[in-house]
Every structure is written in structure tokens, then in C-alpha cells.
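Take a look at the structure set out below.
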Amino acid sequence: MHWRRKAIRAETTKTMTGALRLAVAWATVLAFAWFGKTWLGDLSQPWFAGGLFAWLLAVIVWSAFGVVHKAEDLAHRLGEPLGTLVLTLSIVIIEVALISAVMLSAKEAPTLGRDTMFAVLMIVLNGVVGLGLLVGGLRHHQQSYNLQGASAFLSVIIPLTTIALIIPNFTSSTADGTLTTLQAVTFSVFTLALYGVFLLIQTTRHSDFFQDADEEAEAEAGAGWTSGGAIAKHVILLLANVVPIVLLAKSLAVILDHGIAALGAPSALGGVLIAAIVFTPEAISALKAIARNELQRAINLCLGAATSTVGLTVPAILTIGLLTGQTVVLGLKPTEMTLLAVTLILSTQTFSGLRTTVLEGAVHLVVFFVYLVLIFSP
């Protein structure tokens, strides 16, 4: 009886926290809908601009944690790989909304999409994977996963990132890493098509690639108690947490653009901040999974985030560029291309065996720290 009362109290606390989170998020949306034009019209006072930024940042990050919690509830009901797919797509939708908001408000952010995608790849494939494998190796010595799933992710990530971030530097029709209209349209179609094929493989014919044996058994055992009503409830709550982030994205974009210009910070910092804001909750979820010795779930989150980011962000920013007439620069700088190539080779090497150790984690972290240094000292 004691454990049951404890579980009921924990569930009650979780529900109350979720309700408070939604109330704060939607109250902030209403506040900026009513007063936002006045507040954002004069950001000359650093303390005022900083206060607004801190407020929006706190609400958006807290709401992002709400998205993760609701997506994880769905994950337990849907099982793998649908569970982590819902979480990944929810986070990437937030990322696309933030990038779109900055592009539409700043009007002078040609490299923002590229910088954000590259930041996500570095943070997820090196930072989170490196720290996760280091922690997992220290705690569990060696961790196993489904090699076929990791290979499937990487077989899509490598061409998607090459098409989006490297090839634009070597086309002769345009300069400075941009694309022609024909290239932008066809590359968007190819990217979406490849990502769509991957989703079909992941969710239907070869869904077992993204499960380990224990997860598969648990999914089959738990399939009977999943109800349509429970799933619908969690989907509605998930959307209720996502929508405020999308609505507040434009206000945050205005302050972010003003702050980077006022501080004279590197332009790439905007992409790093967006990536960090969006993917911090998912990164924490992945690290918790590794600590519980659920490496397969962490791989689904990390490699899935990298795949979805490129697969959905590239078509989104190219479409915005074509519709608004903005220049979109996708090609990476030479040092960044080198880091991307090293990351892809290293990821292929890391996930080519059946088990991971501390060594792989340490190597990924070194590459991540090199990336951080190059942001401020290119």
C-alpha cells in the first residue's frame, strides 16, 4: 500500500507540474500577443532586453521539457521505434519553427539554417553521444545495441548531410555555398523522399532494427494495454506544449537577433543557441536512457535527431528562401566541412561493432570541444 500511495503522489505532482507549465506558457503567449509589439519595439536598454530574453528562454525550455515528458509517455505506450520518433519529430518541429521565425523576422540570416543544422549535428553526434558513451562506459563497462538500426541511421545521415552541407560549396552555377532555384527545389524533394523512405523502413517493415531483444519483448507484452483514448489524450497534451513554443519563437528571434548584433558575437552563435535550446531536454532524456543501460533508445534519440534535423530543416529553409527571396547559404566553411567529415567517419567507426566503451565517448567529446573552440576562434 505504501508504494501505491507513493506512486499516486508522484503522479499527482507530475500532473500539477504539467498544468502549471501549460498555464505559464499560455499566459506568456497572451502577454506577448497583447504587449509584445511595445516591448519588442525598444530593446535599447540591455537590462530590459536581457529580462525579456531570460523570460522567453525559461518558458520555451520549460515547455520543451513538457514536450519531452509527454512524448515519453507516448513512447511507453507506442513502444520503439515509434516512441522516440514522436519525440524526435516534436523537437525538430520546434527547431524548424525557431529557424523560420528568425529568418522571417531578421531578413538577414542567410547562414542561420546551416549553422543550426551543423550545431545540432555537433551537439548530438559528438557532445551527447560522447558524454553518453563516456558515462555508460564508466557505469556499465560495455553497452550493446542493435547494429542494424545504427547502420540504417548512418546510411541516411551521410548522404543527407553531404547533399545539404557540402555539395553546395562545389557547384559551379552559384557561389558561396548557395543553390539555384532548380537545385533548391530538387534537393528539397530528394531530401524529403529519402527521409520518407527511411520513416517507412523505421516504422513498418524493419522496425525491429531499432529495438533490442528486451525492448521488443516488452513492447509485445505491453501492446495489449495501450488504448486509443489514452494515446489521443497524450497527443493533445503534447500539442498543447508544442504550440506555445512555436508562437513565442518569433519574439525570441527578434531579441536573439538584436542581442547578437549588439554584442558583436559570431553569427554562428545564433544557430548554436537555437540548437541548445531545442535539444537540451532530448539530450537529457538520452543521457538518462544510457544511465539506465538503454543504449538503443539513446541511439534512436541521437541519430534520429540528426536524421530528422537535416531531413526536415533543409526543405523548410529552402522553401522560406524561395518564397521570400532571401539568400540561403548551406555550404559549410572548410574547417566545418572537415569537422563534419571527421564526425561522420567517427560515428561510422563507433557504431560498427556490437558494443561501445569509454574510448569512443572520449574521442567524440574531443571533437565536440574542438567545435566549441572554433566558434569563438575560427
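The values are calculated or read from the model by the stated rules, or taken from the named source; none is laboratory data. Only a predicted model underlies this, so the values are computations on that prediction, with no experimental measurement involved. As a convention, Cβ positions derive from the backbone with ideal geometry for all residues, glycine included, and neighbour counts pool all protein chains shown.
Side notes on the structure shown:
- Some residue of the range 56-64 being part of a helix (DSSP H, G or I), at pLDDT below 75 and crowded, with 22+ Cβ neighbours inside 10 Å: no
- Lys70 passes every criterion in (1) modelled with pLDDT of 80 or more; (2) among the basic types (Lys, Arg); (3) crowded, with 21+ Cβ neighbours inside 10 Å apart from (1).
- One residue from Leu295, Leu303 being under 20 Å from Gly113 (Cα atoms) and either of a type in the set (S, T, N, Q) or in contact (Cβ under 8 Å) with a residue 12 or more places away in the chain (or both): Leu303
- Scope the range 175-189; condition exposed (fewer than 15 other Cβ atoms within 10 Å of the Cβ), in contact with a helix residue (DSSP H, G or I) (Cβ under 9 Å, 6 or more places away or on another chain) and assigned to a loop (DSSP other than H, G, I, E, B); matching residues: Asp176
- Gly353 vs. criteria surrounded by fewer than 19 Cβ atoms within 10 Å (Cβ to Cβ), small (Gly, Ala, Ser) and without any contact (Cβ under 8 Å) to a residue 60 or more places away in the chain: no
- Verdict on Leu104 being in a helix (DSSP H, G or I), at pLDDT below 80 and in contact with a Gly (Cβ under 9 Å, 6 or more places away or on another chain): no
- One residue from Ser227, Ser251 being more than 24 Å from Leu354 (Cα to Cα), out of contact with any Pro (no Cβ under 7 Å at 6 or more places or on another chain) and modelled with pLDDT under 80: Ser227
- As a summary of the residue check, Ala275 satisfies the conditions (1) part of a loop (DSSP other than H, G, I, E, B); (2) at pLDDT below 85 except for the one numbered (1).
- Segments classed as helices (runs of 4 or more DSSP H), wholly inside the range 289-378, with at least 2 members that are of a type in the set (Val, Ile, Thr) and touching a Phe, Trp or Tyr at 6+ places or on another chain (Cβ under 9 Å): 295-324
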